[in-house]
1. Just need the relative contact order of region 2-118 here, percent rounded to a whole number, with Cα pairs under 8 Å and 6+ apart.
2. Using a Förster radius of 22 Å, what is the FRET efficiency between residue 31 and residue 173 based on their Cβ-Cβ separation? Nearest 0.05, please.
3. May I ask you to list the GluC sites (Glu not before Pro) in region 38-132 that are in a DSSP loop and have at most 13 other Cβ atoms within 10 Å of their Cβ?
4. At a 10 angstrom cut-off on C-beta neighbours, averaged per residue, how do the peptides 109-120, 17-28, 40-51 rank from highest to lowest?
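None of the figures in this text is laboratory data; all of them are computed from the coordinates on show. Everything quoted here is computed from the prediction, not taken from an experiment. Note that we place each Cβ from the backbone using ideal geometry, even for glycine, and neighbour counts take in every protein chain shown.
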Amino acid sequence: MAKSRKTPPRPTWVALATLSSERADALAQASAWSTRLRRVGRNHDVVVLPLERGLAALDAQNVPVEDGFGLIADYPGGKLIALAERGWANLWTGVDGVRVLPVGSWVLVPADLTTSPGSWAATWLSRPPLPPLEPDKEPDVDDAPIERDPESLDEVPVGRLAPRALYDGLAVLDGWQASPAGTAS
């Protein structure tokens with residue numbers, strides 16, 4: 001009789017709300033340079049909501065746990081910070097505990113997309129995709145346009161998280177009716 005293979009349990013977003021002791025220690029010992037304040041620009045909506053509730057909403061919509069979504073945890077504040085496609089701010093009007101940061105406000109984010117996980121106050125749960133490099137070309141500071149603002153979140157690529165997935169997941173969790181699909185502003 002052949003043994004059946006056990007498939008590993010599907011990872012969940014809610015599991016990311018609780019840190020292992022070694023991950024918590026690493027984040028607590030992160031340097032002051034592991035995070036930085038960035039100004040909310042015009043390329044993203046930055047949605048802030050309760051951490052566990054936001055992660056449960058992603059699980060409710062079966063959003064796979066993988067890199068590419070632009071999700072940051074603020075563990076001491078108990079907040080989930082989602083970098084989302086621009087133009088959906090009105091979707092969140094009246095949703096309890098959720099706010100969209102206005103352009104020009106500041107948010108603490110991990111300092112680096114590739115190497116730094118961040119710190120206890122701002123750590124990547126899912127990193128947005130890196131912008132593609134031109135073939136055979138290394139990035140060069142001289143290649144940046146003059147108007148580049150290194151303090152802006154506009155320098156961080158938008159992840160693939162659809163704002164509707166988070167919104168619809170909250171509707172399922174909280175038992176309210178989601179608005180029609182075409183409500184982007």
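1. It rounds to 37 percent for region 2-118.
2. Once the sixth-power term is evaluated, E becomes 0.05.
3. Passing both the DSSP loop test and the Cβ count: 66.
4. Taking the mean over residues of other Cβ atoms within 10 Å, the ranking is 40-51, 109-120, 17-28.
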